[in-house]
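These notes concern the structure reproduced below.
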Amino acid sequence: MEDLEKVFDHKAFGYAYTRIGNPTLSAFEQKINELEGGMGAVCTGSGMAALSTALLAVCESGDEIITARGLYGGTIDLFHDLEKLGIGIRFAEELTADAVKSLATEKTRAVFGELISNPALKVLDIPAVSEAAHERGIPLFVDSTTATPYIARPLSLGADVVIHSTSKYLNGGGNAIGGVIVDGGKFDWDFCKFTALSEFSKYKKRAFTVRLRTDLWENLGGCMAPMNAFLSYIGMDTLGLRMAKICENADRLARALSKIPNIRVSYLSLTDHPYHQYLKSELSGYGGGIISFRAGSRERAFRIINDLKLAFIASNIGDVRTLVIHPASTLYCRVPEAEREAAGVYEDTVRISVGIEDAEDLIRDFTEAIENNK
Ligand SMILES: *Cc1c(COP(=O)(O)O)cnc(C)c1O
């Protein structure tokens, strides 16, 4: 009883109950924390649980968050939910340093962006945006799901908190939903301003993670299932191999498709991509696994997708198998057109999440499907 009493009182390390802590979850958290170079990580039941828990840990009713249009659809919906709780969301067209300067107020508690958005493939300039945020005493939260620590480590570029949907590339096999919040531990919280954290002020730079661990994450209950942590941990053993192959395949496939007339291809390693300059400066030269192309019409996009023999039609990304979808009629079917287009999703957009198959096979599959459906 004495030992367990200390565990419950946070005076001794130990496992009291799986929602609050579990050795498999700890192993998974330590691994992603090391990869991202963080001070501590908390894993969650999904990427959405990671996003909602992380933002609610620093925001109360009346506070504000700065973000951009063109986010992951679920995240846009989450921001509308947060608005209903009294948290103001200020949407910039593009999340730049200037946007932060003009939208920041006394009430701003977080700047939130995606390192590589999908499928628009806008790249967040983390050094510039974090500098603008830090000058105003605001932390930068980055969703790095599509980049993974193989391509970039946002904390080392200036971000304060990194969030992943581990359901995608970190797991890699599409067999377990999950999320993780990694705290860089460098942000200097002003506890008069961040009243959501003031109860935890004695933990100083660890206040965010301590609040998650002993309060909000525990109480909202969005923990990860240990079996999912186990599957994702094993998946992460091959992250480097998979990402190297996925990025190489995507680069080769995008180059091959860009030579076909009557389609318009978007991929970060193509020199005509508007965010190509960030490939070297922030992304270690890797463009990631998402390619999109515009087929000219929704009807042609459907015909091409239906004609593919190797690629699976699925809404997921980050799998070892190549997945393809028509986002406008599925993932974005309830998103208004202007918001949908800000996310790079047009009526004729086809999204590809490139897998680890043989590159020649993939090029042949897509080339034939496109050329057979003119
Ligand atoms: C999938 C995804 C999410 C949501 O993650 P889930 O694990 O599906 O809850 C959040 N952000 C991005 C960028 C994603 O791709």
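The values are calculated or read from the model by the stated rules, or taken from the named source; none is laboratory data. Everything numeric in this text was worked out from a predicted model, so none of it was measured. When we count neighbours, we look across all protein chains shown, and the Cβ atoms used for this are built from the backbone with ideal geometry, even at glycine.
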Leu95 meets each of (1) under 25 Å from Gly178 (Cα atoms); (2) within 16 Å of the ligand (Cβ to nearest atom); (3) surrounded by 18 or more Cβ atoms within 10 Å (Cβ to Cβ) with one exception, condition (1)
Phe187 passes all but one of the listed conditions (1) within 29 Å of Thr146 (Cβ to Cβ); (2) touching a Leu at 6+ places or on another chain (Cβ under 8 Å); (3) without any contact (Cβ under 8 Å) to a residue 60 or more places away in the chain; (4) not polar (S, T, N, Q); the exception is number (2)
Note: among Glu282, Glu341, Glu299, Glu337, just one is charged (D, E, K, R), touching a residue at least 24 places away in the same chain (Cβ under 8 Å) and more than 16 Å from the ligand (Cβ to nearest atom), namely Glu282
Apart from one, (1) under 18 Å from the mean Cα position of the chain (by Cα); (2) within 22 Å of Tyr72 (Cα to Cα) all hold for Arg298; the odd one out is (1)
Checking the structure you have, find out if any residue of region 48-64 is among the hydroxyl-bearing types (Ser, Thr, Tyr), within 16 Å of the ligand (Cβ to nearest atom) and under 23 Å from Arg206 (Cα atoms).
yes
Exactly one of Val7, Val42, Val100 is in contact with a helix residue (DSSP H, G or I) (Cβ under 7 Å, 6 or more places away or on another chain), away from the ligand (no atom under 16 Å from the Cβ) and on the phi < 0 side of the Ramachandran plot, and that one is Val100
Inset, instruction - Could you tell me whether any residue of region 181-188 is in the same structural domain as Val129 (by TED's automatic domain parsing) and farther than 30 Å from Lys107 by Cβ? - result: no
Among helices (runs of 4 or more DSSP H) entirely within region 114-206, at least 3 residues that are aliphatic (A, V, I, L, M) and away from the ligand (no atom under 12 Å from the Cβ) occur in 126-135
With criteria (1) under 30 Å from Asn22 (Cβ atoms); (2) of a type in the set (Phe, Trp, Tyr); (3) in a loop (DSSP other than H, G, I, E, B), Trp217 comes up short on (3)
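On the basis of being touching a helix residue (DSSP H, G or I) at 6+ places or on another chain (Cβ under 8 Å), within 16 Å of the ligand (Cβ to nearest atom) and assigned to a helix (DSSP H, G or I), does Phe28 make the cut?
Considered against the rule, which asks whether it is touching a helix residue (DSSP H, G or I) at 6+ places or on another chain (Cβ under 8 Å), within 16 Å of the ligand (Cβ to nearest atom) and assigned to a helix (DSSP H, G or I), Phe28 comes out as yes.
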Checked region 36-54 for anything over 15 Å from Ala229 (Cβ atoms) and either of a type outside the set (A, V, I, L, M, F, W, C) or surrounded by fewer than 24 Cβ atoms within 10 Å (Cβ to Cβ) (or both); matches are Glu36, Gly37, Gly38, Met39, Gly40, Met48, Ser52, Thr53
